[in-house]
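First comes the structure, then the notes that go with it.
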Amino acid sequence: MGDAPERPSTRVLASLGQRAGEVAHDFDNSLTAIAAHATLIRGATDDPEVLEHARAILRAARTASQVVERVRAMLRGGEKHERVQVDVEALADEARVAVAARGDKRGVTVVRRREGHAATVAGDPAELLQVVVNLGNNAVDASPDGAEVAIVTADTLDGGAAIVVEDRGAGVPDELRERVFEPFFTTKGSHGTGLGLALCRAIVERHGGALALDPRRGGGTVARVALPLAGDDVPAPRHATSVAIRGVGLDARVLVVDDDDGTREALRVLLEAAGFDVTIAADGTSAVTSFATRRPDVVVSDLELGEDDGGAVISQLLAIDRAVPVVLASGKDAPVGAPWVARVSAILRKPVSPVELVATIRRLAAQRRGAMAGADTPRRESP
Ligand SMILES: Nc1ncnc2c1ncn2[C@@H]1O[C@H](COP(=O)(O)OP(=O)(O)OP(=O)(O)O)[C@@H](O)[C@H]1O
Ligand SMILES: [Mg+2]
């Protein structure tokens with residue numbers, strides 16, 4: 001030790017990633033069931049002691065799922081990634097909302113500044129959002145109560161785009177400057193996984209960019225993400241990424257397709273508790289039958305359906321109604337390049353966070369209704 005941390009080769013990472021994915025699959029199903037049932041217990045009782053235990057279960061399940069997801073995301077390096085145009089301003093705006101929620105509890109305000117030109121980079125919007133949110137969360141954690149965190153968009157010297165997160169915390173001690181990027185290095189005890197920065201760096205480097213943490217003049221830290229601009233050949237995103245749709249009517253019909261009894265039942269109870277009208281199917285045949293007769297507004301499906309291939313089932317449903325939004329909820333990565341993958345509206349990792357799942361279904365149901373009414377979801381135009 002003592003030397004710069006060694007970087008495993010891409011090939012080793014790719015095979016590790018595959019193994020990690022396999023091991024995590026069953027684990028994910030169990031965690032989904034655990035989280036869903038804990039959510040239900042929380043909603044079904046007023047007993048403060050039971051509530052406290054339910055919350056503790058949810059916290060633990062969330063942490064466990066974060067660890068699995070982050071390790072997997074970090075190891076995902078060897079795979080091909082679909083790259084679309086990502087509007088840097090919109091990305092920073094969206095990140096600010098998420099980070100502000102964490103800051104709220106401690107009176108930490110999160111502000112946005114624009115110091116550069118409007119820029120578009122090529123990437124995976126969800127991954128890039130995760131980077132900025134992770135850096136923002138670190139900034140909030142490091143901030144004293146009531147301090148300010150800034151998310152700044154700027155130009156880089158070489159004509160790329162920069163997203164800078166500034167805080168006025170205690171800063172990173174010199175001797176930890178490189179160690180903070182090591183996986184599992186944390187000074188937050190059980191409150192941190194220590195994977196945030198390792199993941200951020202892996203994602204940013206996969207996007208051809210760089211991530212650095214430097215002291216801020218006047219105290220605190222400046223985390224700086226530099227990314228190259230998108231070339232002309234990069235396609236526009238197929239779906240609006242905004243998550244800020246609220247107050248939508250919840251009378252949407254949802255079809256849940258999952259072969260795992262526990263997961264299917266947990267999802268049904270969870271989604272019914274959220275106000276959706278839910279039908280369940282355990283295999284391809286019953287999914288298609290139920291779809292044709294009930295015409296759900298949104299479909300949630302697993303990738304592996306026992307004997308059946310989730311992708312084939314999803315293709316069949318899309319053949320019946322090509323505009324139906326499909327949410328793929330799976331512990332595995334969707335096969336790169338399969339034609340049906342491009343037509344899926346959202347991909348959620350198992351264990352699915354109940355809140356995220358409900359928000360996603362709500363958003364898609366709203367979009368579908370908007371589309372049916374002839375109005376599309378508003379979206380900022382890229383220059
Ligand atoms: N803005 C910052 N100011 C001061 N220290 C920081 C800052 N960002 C990161 N660090 C230090 O780097 C460590 C590693 O950060 P990293 O994001 O990888 O993990 P974490 O924040 O501890 O855990 P998690 O990301 O799971 O919440 C932190 O525990 C903290 O000590
Ligand atoms: Mg962190």
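The values are calculated or read from the model by the stated rules, or taken from the named source; none is laboratory data. All figures in this text were calculated on a predicted structure; none of them were measured in a lab. Cβ coordinates were reconstructed from backbone atoms using ideal geometry, including for glycine residues, and neighbour counts include every protein chain displayed.
Observations on the structure shown:
- Residue in region 110-120 that is away from ligand 2 (no atom under 14 Å from the Cβ), modelled with pLDDT under 90 and touching a helix residue (DSSP H, G or I) at 6+ places or on another chain (Cβ under 9 Å) present: yes
- The set of residues in region 121-131 being within 16 Å of ligand 2 (Cβ to nearest atom) and either surrounded by fewer than 20 Cβ atoms within 10 Å (Cβ to Cβ) or modelled with pLDDT of 95 or more (or both) consists of Glu127 alone.
- Residue in region 204-211 that is within 16 Å of ligand 1 (Cβ to nearest atom) and closer than 18 Å to Pro173 by Cβ present: no
- The residue pairs whose first member lies in region 183-203 and is farther than 18 Å from Ala142 by Cβ and among the small types (Gly, Ala, Ser), whose second member is more than 6 Å from ligand 1 (Cβ to nearest atom) and assigned to a helix (DSSP H, G or I), and whose beta carbons are closer than 7 Å, counting only pairs six or more residues apart or on different chains, are Ala202/Met74; Ala202/Gly77.
- Qualifying residues in region 156-201 (those that are of a type outside the set (Val, Ile, Thr), surrounded by 16 or more Cβ atoms within 10 Å (Cβ to Cβ) and within 22 Å of Ala119 (Cα to Cα)) - the one nearest to ligand 2 (Cβ to nearest atom): Cys200
- Count - residues of region 254-284 that are buried (at least 22 other Cβ atoms within 10 Å of the Cβ), touching a strand residue (DSSP E or B) at 6+ places or on another chain (Cβ under 7 Å) and in contact (Cβ under 8 Å) with a residue 40 or more places away in the chain: 7
- Hey, Val165 touching a strand residue (DSSP E or B) at 6+ places or on another chain (Cβ under 6 Å), near ligand 1 (Cβ under 8 Å from one of its atoms) and closer than 17 Å to Arg224 by Cβ or not: yes
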